[in-house]
Amino acid sequence: MSVLRSLDVGPEFAARVLHDEPMSRHTSWHVGGPADLFFTPRDIMELASFLRQLRPEVAVLWIGLGSNLLVRDGGVRGAVVCTVGSFGALERKSVNVIRAEAGVPCARVAKQCVKWGMGAAEFLAGIPGTLGGALAMNAGAWGGETWRHVIEVEVLDRRGARRTRKRDDYEVGYRQVKGPQNEWFTGATLQFERNARADTDLISELLERRKQTQPIGEWNCGSVFVNPRTDHAARLIEDAGLKGYRIGDASVSTKHANFIINHGKARAADIEALIRHVQSTVARASGIELHTEVRIVGEAR
Ligand SMILES: Cc1cc2nc3c(=O)[nH]c(=O)nc-3n(C[C@H](O)[C@H](O)[C@H](O)COP(=O)(O)OP(=O)(O)OC[C@H]3O[C@@H](n4cnc5c(N)ncnc54)[C@H](O)[C@@H]3O)c2cc1C
């Protein structure tokens, strides 16, 4: 049972904050121990007042759809803020500019952009996360990348203050975004290409290509490692003979070597041990150090 219980949540939130919520319910690997506090705000005003009344020393982790997150079996100390189910506004601001809130699934952004006659958003269709997660990760696929489209972002800080920031406030790289500490994305204004003939064919084609090459439908977190500058992580893992390698109920996918599958009963510790094993085996075989794309958070049991 968490030591933070009721100490840190004002009476107005007591009924809506979940205590010791299993994070396995909120991650695409379906693993992860309990979060001390788990809060899905109704809107930004409510979230701002929730953050203000939390004691300053309480750590806060924001999550979207948990599709890039390995939460350890001991769970998360502090508060988890989940944007899914709130922060869902998506609007067109001009012929090729949209504003979307952080909880909007990337797939919805892609499909709506096509309907609005905008191109170059199709790559988002296969990314099973939220726009907030895509902003945090600079998610990308098939040559497209989230931050190439960002005009400005809306953020909320740990004290509940709102701000709008320009793209230049961030250092953006491959699956990496560095910006001011202790603030999170609540939405963004994004620019795409005007394309009156945009249709869903390209989306269908990209999704079909994914089905052919990735273990869609199994419990995974997408690519576990970022590609090194000069190579593909999947190729290095395959060449090291690791396809199908198993620890507990977790294994390296036989379909795509950069994916790790939870076959149903894996613990986060199995997945993390497999990640470390892949890293050390690839380093021995090729001299290349693989770095994780997935974010590993929480405490070991
Ligand atoms: C089958 C599969 C395929 C995938 N394919 C791709 C792909 O092609 N390309 C790609 O880039 N990724 C891919 N991913 C990984 C993942 O979907 C992306 O990284 C996605 O952007 C994560 O979004 P999320 O909402 O799930 O974030 P989460 O996993 O919930 O969080 C990821 C990180 O973002 C932070 N975060 C989440 N929301 C916010 C916010 N509002 N403000 C600040 N920080 C926040 C979290 O704290 C965490 O550090 C794939 C995953 C799966 C399971």
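The values are calculated or read from the model by the stated rules, or taken from the named source; none is laboratory data. Small disclaimer: the values here were computed from a predicted structure and weren't measured. Heads up, the Cβs are rebuilt from the backbone with ideal geometry, glycines too, and the neighbour counts pull from every protein chain shown. We work out accessible area using only protein heavy atoms, side chains counted, and drop any ligands, DNA or RNA first. Shrake-Rupley method; radii C 1.70, N 1.55, O 1.52, S 1.80 Å.
Tabulated values for the structure
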quantity: Residue identified as part of a strand (DSSP E or B) and touching an Asp or Glu at 6+ places or on another chain (Cβ under 7 Å) among Gly78, Gly88; calculated: Gly78
quantity: Selected residue (criterion: least open to solvent (accessible area, probe 1.4 Å)) from residues of segment 210-232 that are part of a helix (DSSP H, G or I) and within 11 Å of the ligand (Cβ to nearest atom); calculated: Arg210
quantity: Segment 23-41 - residue that is in a loop (DSSP other than H, G, I, E, B) and open to solvent by 10 Å² or more (accessible area, probe 1.4 Å) and, of those, farthest from Ser223 (Cα to Cα); calculated: Thr40
quantity: Residue list for segment 115-147, restricted to those being among the hydrophobic types (A, V, I, L, M, F, W, C) and in a loop (DSSP other than H, G, I, E, B); calculated: Trp116, Ala120, Ala121, Ile127, Ala139, Trp142
quantity: Segment 85-115: number of residues that are among the acidic types (Asp, Glu) and more than 10 Å from the ligand (Cβ to nearest atom); calculated: 1
quantity: The lone exception for Asp168 - which of (1) open to solvent by 30 Å² or more (accessible area, probe 1.4 Å); (2) touching a residue at least 60 places away in the same chain (Cβ under 8 Å) it fails; calculated: (2)
quantity: Filtered residues of segment 142-176 (kept if among the hydroxyl-bearing types (Ser, Thr, Tyr), more than 9 Å from the ligand (Cβ to nearest atom) and more than 22 Å from Asp43 (Cα to Cα)); calculated: Tyr170, Tyr174
quantity: Candidates Val114, Val104, Val109 - the one that is open to solvent by less than 20 Å² (accessible area, probe 1.4 Å) and farther than 21 Å from Gly66 by Cα; calculated: Val114
quantity: Extreme residue, nearest to the ligand (Cβ to nearest atom), among residues of segment 59-84 that are open to solvent by less than 10 Å² (accessible area, probe 1.4 Å) and small (Gly, Ala, Ser); calculated: Gly66
quantity: Matching residues, segment 42-62, being in a loop (DSSP other than H, G, I, E, B) and touching a residue at least 24 places away in the same chain (Cβ under 8 Å); calculated: Arg42, Asp43, Leu54, Arg55, Pro56, Val58
quantity: Those residues of segment 246-301 which are within 25 Å of Pro128 (Cβ to Cβ) and in a strand (DSSP E or B), in sequence order; calculated: Arg246, Ile247, Ala250, Ser251, Val252, Ile260, Ile261, Asn262, Thr292, Arg295, Ile296, Val297
quantity: Members of segment 117-141 found to be more than 6 Å from the ligand (Cβ to nearest atom) and within 23 Å of Leu61 (Cβ to Cβ), listed by number; calculated: Leu131, Leu135, Asn138
